[in-house]
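Reading through the structure tokens given below for one structure.
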């Protein structure tokens, strides 16, 4: 009883935070310097981290990250359709408040500040972890709502194998992919190539364009993605190694129009991404040193044309380049104390045709210097605390502080754990928000977010039976101030006239509050020939504007647009001998698209089925499988007036040798 009381008092004290352990890891192991990439070292120990199981990455390797996150996590995904724009947000925050990291490098677009998850194939991820809340402050600000972290991992076992896969299905959708893993005890390499195309001309029910609903096919929705990645890792003795990766991707897609718009206007977007980094990891007794240099290049061509000659075609060219460098040092002073510091510098340069002549984004740059400190302390055997402070300067202006505090405690060894964290983070306005022409606002203030959460984890292996049961419950509270919104304003244009009252301009116009809970239950059975699991996740989010902007403000206390109050997912897996089955169903509740809640997307429930079989012929492992997305042919919209694909059937074959 004294032990439990001590834990409660410690969490209430408010000065506790730390690096956290994996759910099944004993706390003592946290003070052993790790020689592999771990997600827990990036945020404090009390943070809520949602790790996507490796088996889900494998069975979804021909899908995009938006589909993976929408169906298997608690975050909210807003999609305009397969291959079209798809964004993700945490706990009622905006998509711009979600940061995306690749091997610890921020790859969120420099100009728009919003990541399109439809353009990231799951195939290129070895590990995906979600950091909920404002805890991700190690290498810079921006993750006010949370961050999505994609990592690639080296293998030092010297094993080699090759995978070839192909998939074909509905709407002339086909995917080809290849993976090679090779190396020795001193060298590890991985090569991946991926191509996907879809005509994407699925049939749906149009309930908008006429008095009576009718069926029609999606137009201007085709897309293609070509992508390749090369990884090389070298051991420099037993205590150090070099890592490098090069990732190139090219995409070409049509941008579909919403329902109710006559298809007389057509839009095409071509994108190129080049991401590369080289890093060093060295271990010296109780110390660890890491260094990293990265280069990111992005280019986008936008073309718009009409069926008639009344309007001229439009062509835009946007691009950005980023150089990232960081150095990270950790030292364990004793079994109770661990200190970490990280210095990060980032230079962004962006260019665009849509820019102001007086202050053009074509030559806009941004410099970021961040210095992060973390101190972890283990005062007693069952408790770890963690405190973090990040000092950041943007364009060499006065530094700004962000912080994160948390703790992790074991209530019952290997059975019951408790985590808690409190954090502050902020997001600088994007280059588009500052300089877009017309309407950019160079006087915007940063968005600021405060998050508190607590997570209880329980795991049991009852009666020594081949059954495992685990449960996780998280409660959170978050305030965001100075939320940036694009709103119509009456502005005198530079010519001196004042007729442009519908000019859209970003403004700091919203203070919000959100609270809620995430639940996860899982039971798994492991036998000699049979393996099976059943998991259920549930998310409740109440997110609303907490202050009035004017006397007739109808948004006060109303649910924020596109934030569902309820979302849940149920997943069943069964492996018997060489056969496997995966059945999943997901529910998304009502999402209002206006602040007065007069317009909304209807709730929907979508199910998916995967069946497969493993063959072995000599040295070849052959896996045919069939996947049925939207099993029951449900009509639904993730974004209002953008119908999602109905039933899709795809067959695939994978060969490993």
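The values are calculated or read from the model by the stated rules, or taken from the named source; none is laboratory data. All values derive from a computational prediction rather than experimental measurement. So basically every Cβ, Gly included, is an ideal-geometry build from the backbone, and we count neighbours across all protein chains shown.
Things to note:
- First in the range 622-634 and closer than 12 Å to residue 578 by Cα, second anywhere and part of a loop (DSSP other than H, G, I, E, B), Cβ under 7 Å, 6 or more apart: 623/614
- Every residue from the range 214-236 that is under 13 Å from residue 187 (Cβ atoms) and loosely packed, with under 15 Cβ neighbours inside 10 Å: 236
- Residue match in the range 428-436 (condition: modelled with pLDDT of 90 or more and surrounded by fewer than 14 Cβ atoms within 10 Å (Cβ to Cβ)): no
- In this structure, residue 549 does satisfy being more than 28 Å from residue 615 (Cα to Cα), more than 27 Å from the chain's Cα centre (by Cα) and touching a residue at least 12 places away in the same chain (Cβ under 8 Å).
- Scanning the range 287-300 for residues that are more than 26 Å from residue 109 (Cβ to Cβ) and surrounded by 15 or more Cβ atoms within 10 Å (Cβ to Cβ) yields 288, 289.
- Entry remark, the range 555-571: residues being more than 20 Å from residue 455 (Cβ to Cβ) and surrounded by 15 or more Cβ atoms within 10 Å (Cβ to Cβ) number 11 in total.
- Matching strands (runs of 3 or more DSSP E) fully within the range 138-254 where at least 3 residues are farther than 29 Å from residue 114 by Cβ: 161-169, 173-183, 187-198, 214-217, 223-235, 240-254
- Restricted to the range 255-298, and to residues there that are in a strand (DSSP E or B) and closer than 30 Å to residue 213 by Cα, the residue that is modelled with the highest pLDDT is 268.
- Out of 7, 16, 52, one residue alone is closer than 29 Å to residue 176 by Cβ and either at pLDDT below 50 or within 14 Å of the chain's Cα centre (by Cα) (or both). It is 52.
- Residues in the range 417-469 that are part of a loop (DSSP other than H, G, I, E, B), over 19 Å from residue 99 (Cα atoms) and in contact (Cβ under 8 Å) with a residue 12 or more places away in the chain: 437, 438, 439, 440, 441, 442, 444, 466.
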